[in-house]
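The values are calculated or read from the model by the stated rules, or taken from the named source; none is laboratory data. These figures come from a predicted structure and were not determined experimentally. So basically every Cβ, Gly included, is an ideal-geometry build from the backbone, and we count neighbours across all protein chains shown. Accessible surface areas use protein heavy atoms only, side chains included; no ligands, DNA or RNA. Shrake-Rupley method; radii C 1.70, N 1.55, O 1.52, S 1.80 Å.
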Amino acid sequence: MTWGRRRKKEKKPAWILRLVWRLGWQPGRVMREVLEWIEVLVVAGALAALIMSFVTVRMHVPTGSMIPTIDPKDSFFVDRITYYFRDPRPGDIVVFRHTEQVLVRSVAAGSAAARAGITPGTQLLYLNTEPAYTTDGLDAYLASLAEGTDLRLIVAGGTQYDLGRKGAGATSLADLGITTREKRMRYVKRLIAVGGQTVQIEDGDIYIDGERLTDPRFDRYYYSNDPRFRYGIEPTRVPEGHYFVLGDNSQNSFDSRFWGFVDERDFIGEPYLRVWPLHRFGLMR
């Protein structure tokens, strides 16, 4: 007897097949299988893109800047959702984008940069004594110089270019004929202070608004004796919408002490699962 059995629901054809049928094409058996595989790959690719854009991303740390919390070559997943629902808090480990190199994109013909012989693709290191951490930083420094100041650019390899004297109205690299592009990378650091707070490193400790941080997450010695450090050595107010970050291994960390603050728009998320090496596999929070 079969009257008590439910009739098996017939599988619908793939949407891509229904589309080509609607367009008037009747593919053969082999081509139907090819089209079905194309559909699977397209859907899988779209889902992967959505997950990588809005949910999680995998990264690793090539340096020892976060030892002992994160070792060099550790690989982990980053939660991109948390900060949609809450603001970052001091003590969080955060992942963000930051400029790694400032490169010359183009040089305007007849400009001071062109006369000096600067070529596209060159990596900028210094404008006079100002390190080339970001284009905005170089522009702000140039704008602060007095008219008539001698200008020189030092690039990767140590070559120095004489740009002459600063002219009236020169407030950006573009005024010298240089258009830049920034090579940006993902960084992972410890969030120390948020916008509106004042941060200072003194005798290895961190002070926020004059009070020493005693949370175990900050229980380490923070270095402040490098002459290249420019932020947080004296009381430094963090601008609204920005963050001050440090590496846990502050003796070997390129962080806010050098280049200042992270814009909240550059935040990616918070590490949550270490997947490599296997003996360190586990949650990171």
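Annotations for the structure displayed:
- The modelled label-to-label distance between S111 and T149, using points 7 Å beyond Cα along the C-beta direction, is 1.9 nm.
- Anisotropy class of the chain from Cα gyration tensor, a/c 1.5 cut: oblate
- Placing a pseudo-label 7 Å from each Cα along the Cα-to-Cβ vector at E211 and D136 gives an inter-label distance of 2.9 nm.
- About the Cα centre, charge dipole magnitude for the range 152-195 (Lys/Arg +1, Asp/Glu -1 at Cβ), debye: 320 debye
- L41, L213, L191, ranked by accessible area, largest first (probe 1.4 Å): L41, L213, L191
- The mean accessible area for residues of the chain, using a 1.4 Å probe and ignoring ligands and nucleic acids, is 59 Å² per residue.
- Pairwise Cα distances in the range 182-228 exceed 14 Å in 59 percent of cases.
- On the basis of the beta-carbon distance and an R0 of 51 Å, N225 and I38 show a calculated FRET efficiency of 0.25.
- Note on the range 196-257: with neighbouring protein chains present and a 1.4 Å probe, carbon and sulfur make up 40 percent of its accessible heavy-atom surface.
- Given charges at beta-carbon only (K, R positive; D, E negative), |dipole| of the chain in Debye: 2500 debye
- Cleavage-rule hits (trypsin sites (Lys or Arg not before Pro)) in the range 70-127: DSSP loop, at most 14 neighbouring Cβ within 10 angstrom: K73, R86
- Rounded to 0.05, the FRET efficiency of the D203 and Q101 pair, given R0 = 35 Å and the Cβ-Cβ distance, is 0.55.
- As a calculated quantity, the FRET efficiency between Y84 and R184 at R0 = 22 Å, using C-beta atoms, amounts to about 0.55.
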